[in-house]
Amino acid sequence: MSSPTKTGSADIPKEGLETGYLDQTLRPSRWEDYIGQEPIKNNLHILLTAAKQRKHPPEHILFYGPPGLGKTTLAHLIAKETGAQMKITSGPAILKVGDLASILTNLSHGDILFIDEIHRLNKAIEEVLYPAMESGNLDIIIGKGPSARTIQLELPSFTLIAATTRIAMISSPLRSRFSGGTFKLEFYTEEEIEKIIHRSSKILGIEIEKDAAREIALRSRFTPRTANYFLKRCRDYAQVIGGTLNKEAVEKALKLLQIDFKGLTASDRSILEVIINKFRGGPVGLGTIAAALSEEEATIEEFNEPYLIQIGFIERTPRGRIVTELGYMHLNLTPPDHITKKLL
């Protein structure tokens, strides 16, 4: 198991730009710099303020939602707000009960433990986590068979902040122990993404025209991480050709990445084309689509499908996936009668 990373509440140093950790540098370090997710920020303000007034660590918190929306950033901001040290690990990194015990016993009073992708913890480890979250006790079984005995260790008060992209895979007993709240991060609006792009461009020292920022926002799949990725690649393109970062440069840079005007990738368009060309627009099962594309089902279901469904290009039915009329129009195709009738 890799050791959990320990971070303090200090601001990210400006040298981050020179050392290459651009993603960390672009992460907001103050609440006022965190754009969007207003309902969550308002709830966290009440939770953290009340905990601070009681001089007690905040209760355990669970964040869930698609990747790239700011779950980890919120955990860092909570650590900064409370002045707590934060130790970071992930579900796949905790392989044995002993791994979790080692992490928990090294916590100090008021520390924050952040577990990313917590849905990947196995059930045996979850069983150990329950009493640690609920009563601050760690039960360790020593030995096997009739000679086995249980040792109970008392843990300092701590806050567990967890993040997941697959909340349905977290057991109900574990979900119920996040007494501080379970918060779903929503996709961002194009206006919010545009504000994020302007903020990131200032940090990176990029002069970007307003219509160029708008063009990146329109293609960013309502996700800040994607917006920052596109901004960096467009900056690279403008730097290499020796031009300014305007709308034309953005369009040419994203064309090289095979990102179209709606933010669809080449793999997104391949999914639409396979359903249309091989299966008459659907319905067709996910496994069949994956086989036709020589792709993993999980990749399609977790990466491609959510956005295609969100923008109305694909519809899920009991019989399988169907390309909608909007999907056909995006590819400049006329939908067949059975698709039009289905949507009516």
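Observations
- Candidate lysines for bridging to Lys262, where Cα separation is under 16 Å - those fewer than 8 sequence places away on the same chain excluded: Lys247, Lys252
- Segment 271-296 and segment 136-186 have Cα centres lying 40 Å from one another.
- At least 18 Å along the helix axis (C-alpha) and Kyte average at least -0.5, DSSP helices within the chain: 38-54, 266-279
- Here the accessible area of the chain is 51 percent carbon and sulfur, with a 1.4 angstrom probe and all protein chains present.
- Computed extension length for Met329-Thr317: 2.3 nm, one decimal, from 0.36 nm per residue of separation with the Cα-Cα distance subtracted.
- With 27 Å as the limit, the listed pairs Lys202/Lys255; Lys87/Lys184; Lys71/Lys232; Lys80/Lys123; Lys52/Lys184; Lys96/Lys232 have Lys80/Lys123; Lys96/Lys232 beyond it between alpha carbons.
- Compactness of segment 251-344 is given as radius of gyration and Dmax, 12.8, 40 Å, from Cα positions.
- Histogrammed with a bin width of 20 Å, the alpha carbon distances of the chain distribute as 26, 49, 23, 2 percent, first bin at zero.
- Helix-only mean residue ellipticity at 222 nm for the chain, each DSSP H run of n ≥ 4 adding -39500 (n - 2.57), per residue, nearest 500: -13000 deg cm²/dmol
- Bridges between two residues of the chain, per DSSP, are antiparallel at a rate of about 45%.
- Between Glu134 and Ala266, the contour length at 0.36 nm per residue exceeds the Cα-Cα span by 42.8 nm.
- Potential lengthening between Lys195 and Ala298 on full extension [0.36 nm per residue; Cα-Cα distance subtracted]: 33.9 nm
- Calculated SAXS-style log₁₀ I(q)/I(0) at q = 0.18, 0.21 Å⁻¹ - segment 109-247, Debye, Cα scatterers: -0.97, -1.15
- Taking every alpha-carbon pair under 8 Å whose residues sit at least 6 apart, the chain reaches a relative contact order of 14 percent.
- Label-point gap, in nm, between Glu207 and Glu186 - each point 7 angstrom along Cα→Cβ: 3.8 nm
- Antiparallel %, DSSP beta bridges [both residues in segment 63-180], to 5: 35 percent
- For segment 157-249: accessible area per residue (Å², 1.4 Å): 46 Å²
- Debye log10 I(q)/I(0) at q = 0.26 Å⁻¹ for segment 171-258, Cα point scatterers: -1.29
- With all protein chains modelled, accessible area of Phe261 [1.4 Å, Å²]: 130 Å²
The values are calculated or read from the model by the stated rules, or taken from the named source; none is laboratory data. All values derive from a computational prediction rather than experimental measurement. A quick note on method: Cβ atoms are made from the backbone with ideal geometry, for glycine too, and the neighbour counts reach across all protein chains shown. Accessible surface is based on the protein model in full, side chains and every heavy atom, while ligands, DNA and RNA are left aside. Shrake-Rupley method; radii C 1.70, N 1.55, O 1.52, S 1.80 Å.
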